[in-house]
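Engineer: There's a structure below that I have some questions on.
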């Protein structure tokens, strides 16, 4: 194809030749034309069908949503139309709420007990570690004090011996 959309003579496809005068070639040409017409009709009908389906869908979806909402509202409102059914529903709601509250209370109590146990264990562990460190520190201080006192006594005796030897 050329840039402007026209075809050159070398690019043209040869059309079916109808130069023969036999009836078989005329039928072939006419059946080809019929097939082309049928194909165009199918394409047209297909696009029309697609457009129809899209239009139907765009109407059916909102209608379906409205019907679903109406059903749900009806399910919610229907038990409250009579006094007995309304009382039954309220009693059912009350028992469900009480069950849920009991579950939540048990869960909260369990969590509180576990937290208290963990806190107690942590406190006891820290107290043990503090006692151990205090004992170690006191022992080390006593040992160091004893060593310093011993070293001081040795230094005092050494100094007093020198002083006595000098005097």
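Engineer: Taking 0.36 nm per residue of sequence separation and subtracting the Cα-Cα distance, how much length would be gained by fully extending the chain between residue 47 and residue 157, in nm to one decimal?
Structural biologist: Here the segment from residue 47 to residue 157 would lengthen by 27.6 nm.
Engineer: At a Förster radius of 25 Å, what calculated FRET efficiency corresponds to the Cβ-Cβ distance of residue 106 and residue 126, to the nearest 0.05?
Structural biologist: 0.25
Engineer: Using label points projected 7 Å from each Cα along Cα→Cβ, tell me how many nm separate residue 145 and residue 78, to one decimal.
Structural biologist: Roughly 8.9 nm, to one decimal.
Values in this text are rule-based calculations from the coordinates and carry no lab data. On a predicted model such as this, the values are computed, not experimentally measured, just so you know. Glycine gets a Cβ as well: all are built from the backbone with ideal geometry, and neighbour counts include every protein chain shown.
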